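Below: one structure, written as structure tokens.
The values are calculated or read from the model by the stated rules, or taken from the named source; none is laboratory data. In this text, all values refer to a predicted model and were calculated from it rather than measured experimentally. Don't worry about glycine lacking a Cβ; one is built from the backbone with ideal geometry, like all the others, and counts go over all protein chains shown. With ligands, DNA and RNA removed, areas are computed over all heavy atoms of the protein, side chains included. Shrake-Rupley method; radii C 1.70, N 1.55, O 1.52, S 1.80 Å.
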Amino acid sequence: MTSSKQALAQTATSADAAPGSQPGAARGAQGRGTPPPGPDSWRSRLYRWDMKAAPYAFISPFFIIFGAFGLFPLLYTAWYSLHNVQLSGLDHQTWAGLDNYKNLLSSEFFWNALENTFTIGVISTVPQLLMALGLAHLLNYRLRGSTVWRVVMLTPYATSVAAATLVFTLLYSWDGGMINWLLHFVGVHPINWRESDWGSQFAVSSIVIWRWTGYNALIYLAAMQAIPSDLYESAALDGAGRWQQFRHVTIPMLRPTILFTVVVSTIGATQLFGEPLLFGGVSGSKGGSAHQYQTLGLYMYDQGWGIGNLGKASAIAWTMFLILLIVAAINMLVTRRLRKSQ
């Protein structure tokens with residue numbers, strides 16, 4: 001019985017083999033490496049290659065554009081900051097090492113620009129975010145024509161810097177400006193907004209406040225609408241009014257969003273350029289006749305395109321970049337602490 005089964009198994013194996021080959025030859029051929037190329041093999045290889053390469057192909061445009069217009073200029077600016085380079089002779093570069101940075105730190109104009117950047121940043125950021133938070137709180141309640149008000153809030157952000165600065169320049173004009181005209185009715189003498197120290201910084205800050213308050217208000221509004229209504233209902237059952245709900249419910253839930261807007265506004269204040277440049281007119285790149293509102297952005301522009309010292313201008317650019325890295329590091333530390341406290 002056993003011998004008959006073995007004979008049938010050998011017969012089946014011999015039948016599966018190709019004519020003229022020994023039994024088991026086909027089975028041995030399949031176990032020796034890659035099968036002969038065919039339609040199934042190249043299609044499977046193409047499929048595997050497509051699955052591995054397609055994601056990189058989809059994201060490659062971003063990295064190509066970022067490398068060409070972001071990373072390469074950044075590295076090339078770092079190279080320029082270590083050389084003495086003049087705008088009139090780009091081919092004649094001499095190694096300077098850290099001399100540009102040393103001259104920058106010993107320059108009173110740099111510290112003046114840094115102080116002006118900090119002052120204008122504080123004057124523009126703090127009122128801007130407080131007003132945005134209050135406006136978002138008002139829009140969070142059901143108001144008539146809420147959609148229209150949201151569009152109105154976003155209109156200043158959609159306005160170009162040149163148009164907004166031109167309007168504010170006319171408002172702050174020394175002779176015939178509406179601001180001085182209104183001050184005349186309350187008994188205040190006209191102010192030369194362009195020439196005074198605090199007046200020019202306040203005027204530039206007001207342009208920034210007008211342009212970005214509505215934008216930040218919509219960010220706060222979106223974050224408020226994501227807060228669960230159960231929290232407000234529980235606070236109302238405990239006897240909390242609207243102000244108490246705003247303090248003890250809305251503000252704690254908006255901490256990450258507030259921190260985000262503070263960081264973004266700080267970055268924007270560090271890079272402030274268009275508003276003071278257009279507000280100053282002829283002396284805009286100098287930040288006024290006495291550099292009273294010259295920011296780091298204006299100082300870099302004046303050194304690079306006004307004087308033509310591209311090496312020093314590159315050093316200023318990298319100093320601004322390092323300041324932004326410090327701001328990002330502070331943001332990361334504060335965010336970690338907020339997560340731990342929650």
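Just a few scattered comments:
For every residue, the table says whether it meets (1) within 30 Å of residue 222 (Cα to Cα); (2) open to solvent by less than 80 Å² (accessible area, probe 1.4 Å); (3) not β-branched (Val, Ile, Thr).
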position	(1), (2), (3)
97	no, yes, yes
104	no, yes, yes
120	yes, yes, no
126	yes, yes, no
134	yes, yes, yes
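- Residues in the stretch 226-262 that are within 28 Å of residue 331 (Cα to Cα), of a type in the set (D, E, K, R) and free of Cβ contacts under 8 Å to residues at least 60 places away in the same chain: 247 only.
- Residue 16 in contact with a helix residue (DSSP H, G or I) (Cβ under 9 Å, 6 or more places away or on another chain) and at pLDDT below 85: yes
- Positions within the stretch 309-342 being surrounded by 13 or more Cβ atoms within 10 Å (Cβ to Cβ), in a helix (DSSP H, G or I) and more than 24 Å from the chain's Cα centre (by Cα), in sequence order: 310, 311, 312
- Whichever residue in the stretch 162-199 is of a type in the set (Gly, Ala, Ser) and not in a loop (DSSP other than H, G, I, E, B) and, among such residues, is surrounded by the fewest Cβ atoms within 10 Å (Cβ to Cβ): 163
- Here is the figure for the stretch 79-95: residues that are open to solvent by less than 50 Å² (accessible area, probe 1.4 Å) and part of a strand (DSSP E or B) total 3.
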